[in-house]
Amino acid sequence: MGADIGVKGRRRVMIEGVTPEVDCGRFPVKRVVGQDVVVEADAFTDGHDQVVCVLRFRKDGARSWQERRMTALGNDRWRASFPVVELGRYRYTVCAWVDRFLSWHHEFERRQDAADIASALQVGAGLVGEAAGRARGVAKKQLREMAAGLVNEDPLEQRRELALSDELAERMRRHPDRDRQTAYSRELVAEVDRTRAGFSTWYELFPRSTVNDGHERGSLKLCVERLPYVAKLGFDVLYLPPVHPIGRTNRKGPDNALVAGETDPGSPWAIGAEEGGHKAVHPELGTLEDFRDLCAAAAKLGIDVALDIAFQCSPDHPYVREHPQWFRHWPDGRIQYAENPPKKYEDIYPFDFESDDWQALWIELASIFEFWIEQGVTIFRVDNPHTKPFPFWEWLIARIRKAHPGIIFLAEAFTRPRIMHRLAKLGFTQSYTYFTWRNTKQEITEYLTELSQHPSREYFRPNLWPNTPDILHEFLQLGGRPAFVSRVTLAATLAANYGIYGPAFELVEREPREHGTEEYKASEKYQVRRWDLGRPETLSHYISRLNRIRHDNPALQYDWRLEFHAVDNEDLICYSKSTADFRNIILAVVNLDPHHRQSGFVELPLQDWGMDASQVYEVHDLLSDARFMWHGPRNYVELSPDGSQAHVFRVRQRVMTEQDFDNFA
């Protein structure tokens, strides 16, 4: 029986409820360089002995652990944090032990009887002597002297003062007895990305539509000329749909017509032709050298190039001829095209990830990412990852990030929640969301509260898009320019990562292919569009200012400190984001009605922000540059589609001047 009990019988501390932890440590939590990982745990023991709890952490590859003592929060809950300063993975866990000296100290400071104090000093001296045995050099000598000082002939009160001194407590803290410590049963992992993974502003652009007066078709070279426009708008990610050769067999025509004309360009997602496949550039767009030039020019402007990766092939793709075993076949031998009955996609062949040659397929698909990384791509938007096996993505992303830890993956998976979350756990850096279909106050509040406050925030990084080439929501179709203003304001201020499909968005493109569909009329997916960037109704100036506000205010660069506030009008939504020290507080009020003026009173948690509710404070509208003096938590707002559809205030309390009071009056 003694052998069965072993040393664990003397490890009395229980460790439970460690956070953050995803699926019992199966998956990592996500952070960006410069953030802290705040760890909490329940650590307790039987009886009244005192527990010490420490957080242990190390960068993958480091030989030794670093430690931070955890702070007691009450009710046996403990907290500490550690910074992540490099890309890659960090490991962390929690250890705790019964500290006999602290337990003795806790009881000793309450003793009053002289005889009890003298006896207790004998016990304390023994504990200090044991610590001296664990110490080295000067510390050993000092602890021995202190142990002797507890039981020498000095007056009892003097020895009591030594026992309760901060100096003795600190020396004992440095040399604890940890032979019986309990370690948490798992080492947990934090995946650390570069800053852009946590804060990014995306602009989607079809290179073939960068048409100007001297060209019939856009190109990669013309994309370079478009870069200053994108930078001026304030975007730092340029997202390109597939740039590869497009198949001719069963090519789709305008508005997804089944028959294409001789000059119709087809869908960029029907990848592959005689000119090449996933590792080639469409000749009409330019060359690989042109693509590299685009990436280099974008980098000089602080812009990452994101490339769409769609794992599917046109019937003309070289893979179809060279590796027919990578596709599913009908009984008569024909390769199966993609279907979502009753819809048929005859211009696309999906891969068969369960083929007998699946390993070679995986390796080839991984090489596609590696190829484009060599050309200068730093971000990948992955098309429909939920239709490919989970094990494939876990393997592929780990493989790519091990060699290139700064690469970012965005999952375009508008599907069931559990599938979206699993993809995020498996390694996708960012994820599309249901934001496009959340338009009422209740829908937005409930959904964004989930994204910012639910434990899934540890691994699920939302990227909000008010439109995409596939989605022109009815709210935009019917709401006109005010609807576009409210939706982009919401996307840019509710989340740290957001994007738009342009120039369709800033040019307020809102005509659907037909009533009841979310497809654009004259969709850019099937034809070249000649965009007039100088249209009078353009939102370019508004979006530029909005993006500048994002870059100037740290509160908008993180997701977790989002809080919704009461406003007595269901067509007005009010929320704030703040830094932890409340030095930067952004308050947004948005009119969700694109047709009518709306007004109401907002309620603000001034005391929670560390502000004196009895004092006047300033709200500075960063969109209009107007400044208002408010007093107290309840204040009036009014927004109109023909004027201001939204406020984005910076809130601050400051010493009032005589001029301020005159203006306020």
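The values are calculated or read from the model by the stated rules, or taken from the named source; none is laboratory data. Being a predicted model, the structure only gives us computed values, none of them experimental. Note: ideal-geometry Cβ built from the backbone for every residue, glycine included; neighbour counts use all protein chains shown. The accessibility values were calculated without ligands, DNA or RNA, using every heavy atom of the protein model including side chains. Shrake-Rupley method; radii C 1.70, N 1.55, O 1.52, S 1.80 Å.
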- Note on the structure: Site Asp116, offset 7 angstrom along Cα→Cβ, radius 20 Å on amide nitrogen, limited to segment 148-163, gives 151, 156-163
- Item | Nonlocal amide H pairs with Tyr239, under 5 Å, H built at 1.01 Å | Tyr203, Glu204, Leu205, Ala306
- Per the charge dipole of segment 114-256 (beta-carbon charges, Lys/Arg positive, Asp/Glu negative, Cα centre), the residue among Leu121, Ser185, Phe235 reaching farthest to the positive end is Phe235
- Task: Only helical DSSP H runs with n ≥ 4 go in: add -39500 (n - 2.57) per run for the chain, normalise by residue count and round the 222 nm mean residue ellipticity to 500 deg cm²/dmol.
- Result: -9000 deg cm²/dmol
- Task: Can you tell me the dipole magnitude for the chain around its Cα centre, using point charges on the Cβ only (Lys, Arg +1; Asp, Glu -1), in Debye to the nearest 20?
- Result: 1820 debye
- Quick one: which residues, 5+ away or cross-chain, put their amide H under 5 Å from the amide H of Phe44? H built at 1.01 Å from N. Met14
- Place a point 7 Å from the Cα of Ala257 in the direction of its beta carbon; the residues of segment 494-523 whose amide N falls under 19 Å from it are 512-515, 519-523
- Query: Taking +1 at the Cβ of each Lys and Arg and -1 at the Cβ of each Asp and Glu, which of Leu143, Gln477, Ala80 sits farthest along the dipole of the chain towards its positive end, judged by Cα position relative to the Cα centre?
  - Reply: Leu143
- Accessible area of Thr19 in the full protein assembly, 1.4 Å probe (Å², nearest 10): 60 Å²
- Note on the structure: Measuring from its Cα centre, segment 89-219 shows a charge dipole (+1 at each Lys and Arg Cβ, -1 at each Asp and Glu Cβ) which, in debye to the nearest 20, is 660 debye
- Per the Kirkwood formula on distinct C-alpha pairs, the Rh of segment 1-137 is how many angstrom? 17.7 Å
- Of Lys279/Lys300; Lys221/Lys525; Lys279/Lys388; Lys252/Lys279; Lys252/Lys425, which pairs sit farther than 27 Å apart, going by alpha carbon to alpha carbon? Lys252/Lys425
- Whole-number D in µm²/s for segment 266-398 (Stokes-Einstein; Kirkwood sum over Cα pairs; 25 °C, 0.890 mPa s): 153 µm²/s
- Express in % the proportion of alpha carbon pairs of the chain at distances exceeding 42 Å. 41 percent
- Heavy-atom accessible area ranking, 1.4 Å probe, most first, across Arg91, Arg418: Arg418, Arg91
- Item | Amide H partners (placed H, <5 Å) of Phe409, local residues excluded | Phe380, Thr429, Gln430
- On the full set of protein chains, 1.4 Å probe, figure out the accessible area of Val602 and give it in Å² to the nearest 10. 0 Å²
- Item | Relative contact order (percent, whole number), segment 363-517, Cα cutoff 8 Å, 6+ residue spacing | 17 percent
- Note on the structure: Taking Glu275, Glu322 and ranking on accessible area (1.4 Å, protein atoms only), highest first, one gets Glu322, Glu275
- Taking the simple approach of a point 7 Å from Cα along Cα-to-Cβ for both Arg174 and Leu478, what is their distance in nm? 7.2 nm
- A correct Kirkwood calculation over the Cα atoms of segment 438-539 returns a hydrodynamic radius in Å of 14.8 Å
- Each residue of segment 578-594 in order: what ³J(HN,Hα) in whole Hz does its phi give by Karplus 6.51 cos²θ - 1.76 cosθ + 1.60, θ = phi - 60°, with x for Gly and Pro? 8, 7, 4, 8, 6, 6, 10, 10, 10, 10, 10, 10, 10, 7, 8, 9, x
- Sorted list, accessible surface of protein heavy atoms, 1.4 Å probe, largest first, for Met14, Met629 is Met14, Met629
- Quarter of Cα convex hull surface for segment 483-579, i.e. mean projection, nm²: 8.3 nm²
- Query: For the chain, which whole percent of the accessible surface, found with a 1.4 angstrom probe, sits on carbon and sulfur atoms?
  - Reply: 48 percent
- Rounded to a whole number, the Stokes-Einstein D of segment 523-647 in µm²/s (Kirkwood radius over Cα pairs; 37 °C; 0.692 mPa s) is 199 µm²/s
- If the viscosity is 0.890 mPa s and the temperature 25 °C, what Stokes-Einstein diffusion coefficient in µm²/s follows for segment 392-433 when Rh is the Kirkwood radius over Cα pairs? 234 µm²/s
- Message: Need one value: the accessible area of Arg292 in square angstrom, 1.4 angstrom probe, rounded to the nearest 10.
- Response: 100 Å²
- Message: Given an 8 Å cut-off on Cα distances and at least 6 residues of separation, report the relative contact order of the chain as a percent.
- Response: 10 percent
- Note on the structure: Once phi for every residue in segment 314-325 is put through the Karplus expression 6.51 cos²θ - 1.76 cosθ + 1.60 (θ = phi - 60°), the whole-Hz ³J(HN,Hα) values, with Gly and Pro written as x, are 6, x, 9, 5, x, 4, 4, 7, 8, 9, x, 5
- Task: Run down the aspartates and glutamates and flag those whose C-alpha is under 19 Å from the C-alpha of Lys343, throwing out any fewer than 8 positions away in its chain.
- Result: Asp255, Asp383, Asp470, Glu514, Glu518, Glu519
- Task: Over segment 229-345, calculate the relative contact order: mean separation of alpha carbon pairs under 8 Å at least 6 apart, over the residue count, as a percent.
- Result: 28 percent
- Points 7 angstrom from Cα along the Cβ direction at Trp65 and Arg652: gap in nanometres? 4.4 nm
